[in-house]
Amino acid sequence: MSAPQDQALPQVPLQALNEDAVPRFGQGMKFRHDKVRDAWVILGPERLFQPDPVAAEILKLVDGQKTIGAIIDELVSRFAAPREVIAADVVTMFADMSAKGAIRL
(Lines give C-alpha, C1' and ligand atoms only; values in the text may rest on other atoms or scores of the structure.)
Protein backbone atom coordinates (compact mmCIF):
# COMPACT_ATOMS: atom_id res chain seq x y z
CA MET A 1 0.00 0.00 0.00
CA SER A 2 1.50 3.35 -0.93
CA ALA A 3 1.08 6.65 0.89
CA PRO A 4 -1.36 9.17 -0.61
CA GLN A 5 0.42 11.76 -2.74
CA ASP A 6 -0.11 14.56 -0.21
CA GLN A 7 1.39 12.35 2.51
CA ALA A 8 4.23 10.82 0.50
CA LEU A 9 7.21 9.67 2.51
CA PRO A 10 10.39 11.69 1.98
CA GLN A 11 12.88 10.06 -0.35
CA VAL A 12 16.47 9.78 0.88
CA PRO A 13 18.82 9.93 -2.10
CA LEU A 14 21.67 7.42 -1.99
CA GLN A 15 24.28 10.17 -2.16
CA ALA A 16 22.72 11.82 0.92
CA LEU A 17 23.43 8.77 3.06
CA ASN A 18 26.75 8.90 4.82
CA GLU A 19 28.45 6.47 7.12
CA ASP A 20 27.95 8.77 10.13
CA ALA A 21 24.15 8.45 9.95
CA VAL A 22 22.53 6.38 12.71
CA PRO A 23 19.64 4.26 11.42
CA ARG A 24 16.65 3.63 13.67
CA PHE A 25 13.42 1.79 13.08
CA GLY A 26 10.56 4.09 12.10
CA GLN A 27 7.83 5.08 14.50
CA GLY A 28 5.77 2.06 15.48
CA MET A 29 8.06 -0.35 13.63
CA LYS A 30 9.23 -3.55 15.33
CA PHE A 31 11.85 -5.95 13.96
CA ARG A 32 11.40 -9.53 15.09
CA HIS A 33 11.52 -13.14 14.06
CA ASP A 34 8.10 -14.43 13.02
CA LYS A 35 7.79 -18.08 14.06
CA VAL A 36 4.87 -18.76 11.70
CA ARG A 37 6.78 -17.51 8.65
CA ASP A 38 10.13 -18.66 10.07
CA ALA A 39 11.52 -15.34 8.86
CA TRP A 40 12.55 -11.93 10.14
CA VAL A 41 9.91 -9.24 9.62
CA ILE A 42 9.40 -5.56 10.28
CA LEU A 43 5.94 -5.02 11.72
CA GLY A 44 4.34 -1.61 11.57
CA PRO A 45 0.92 -0.08 11.81
CA GLU A 46 -1.04 -1.83 9.05
CA ARG A 47 2.22 -2.86 7.35
CA LEU A 48 4.56 -5.82 7.25
CA PHE A 49 7.91 -6.01 5.52
CA GLN A 50 9.70 -9.32 5.05
CA PRO A 51 13.34 -8.50 4.30
CA ASP A 52 15.47 -10.97 2.39
CA PRO A 53 18.16 -12.83 4.38
CA VAL A 54 20.88 -10.28 3.51
CA ALA A 55 18.73 -7.33 4.59
CA ALA A 56 17.78 -9.19 7.79
CA GLU A 57 21.47 -9.56 8.70
CA ILE A 58 21.90 -5.80 8.24
CA LEU A 59 18.73 -4.97 10.19
CA LYS A 60 19.81 -7.16 13.13
CA LEU A 61 22.58 -4.60 13.71
CA VAL A 62 20.24 -1.59 13.88
CA ASP A 63 20.15 -0.55 17.54
CA GLY A 64 19.73 3.23 17.33
CA GLN A 65 23.37 3.76 18.33
CA LYS A 66 25.53 2.18 15.63
CA THR A 67 26.35 4.31 12.61
CA ILE A 68 26.00 3.01 9.08
CA GLY A 69 29.81 2.86 8.96
CA ALA A 70 29.97 0.72 12.12
CA ILE A 71 27.32 -1.62 10.69
CA ILE A 72 29.31 -1.94 7.45
CA ASP A 73 32.52 -2.64 9.39
CA GLU A 74 30.82 -5.34 11.46
CA LEU A 75 29.46 -7.02 8.34
CA VAL A 76 32.89 -6.86 6.68
CA SER A 77 34.36 -8.67 9.69
CA ARG A 78 31.70 -11.42 9.43
CA PHE A 79 31.54 -12.01 5.69
CA ALA A 80 34.18 -12.51 3.02
CA ALA A 81 33.28 -9.64 0.71
CA PRO A 82 35.00 -6.37 -0.15
CA ARG A 83 33.95 -3.38 1.97
CA GLU A 84 32.79 -1.47 -1.13
CA VAL A 85 30.37 -4.26 -2.06
CA ILE A 86 28.94 -4.52 1.45
CA ALA A 87 28.73 -0.72 1.77
CA ALA A 88 26.78 -0.46 -1.49
CA ASP A 89 24.29 -3.14 -0.35
CA VAL A 90 23.87 -1.54 3.08
CA VAL A 91 23.35 1.99 1.74
CA THR A 92 20.89 0.80 -0.92
CA MET A 93 18.88 -1.21 1.63
CA PHE A 94 18.73 1.70 4.11
CA ALA A 95 17.64 4.13 1.38
CA ASP A 96 14.88 1.71 0.31
CA MET A 97 13.68 1.04 3.87
CA SER A 98 13.81 4.76 4.66
CA ALA A 99 11.66 5.55 1.61
CA LYS A 100 9.11 3.00 2.90
CA GLY A 101 9.12 4.50 6.40
CA ALA A 102 10.55 1.39 8.04
CA ILE A 103 13.88 3.08 8.90
CA ARG A 104 14.65 6.63 10.01
CA LEU A 105 18.05 8.12 9.22
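Overview of results
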quantity: Hits in region 16-35 (condition: modelled with pLDDT under 95 and of a type in the set (A, V, I, L, M)); calculated: ALA16, LEU17, ALA21
quantity: Residue within region 31-53 that is under 11 Å from the mean Cα position of the chain (by Cα), of a type in the set (Gly, Ala, Ser) and surrounded by 12 or more Cβ atoms within 10 Å (Cβ to Cβ) present; calculated: no
quantity: Inter-residue pairs, beta-carbon under 7 Å, first more than 13 Å from ILE58 (Cα to Cα) and in region 70-89, second surrounded by 15 or more Cβ atoms within 10 Å (Cβ to Cβ), 6+ apart; calculated: ARG83/ILE72; ARG83/VAL76
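The values are calculated or read from the model by the stated rules, or taken from the named source; none is laboratory data. It should be emphasised that the depicted structure is a prediction, and the values quoted were computed from it without experimental measurement. Cβ atoms come from the backbone with ideal geometry, glycine included; neighbour counts cover every protein chain shown.
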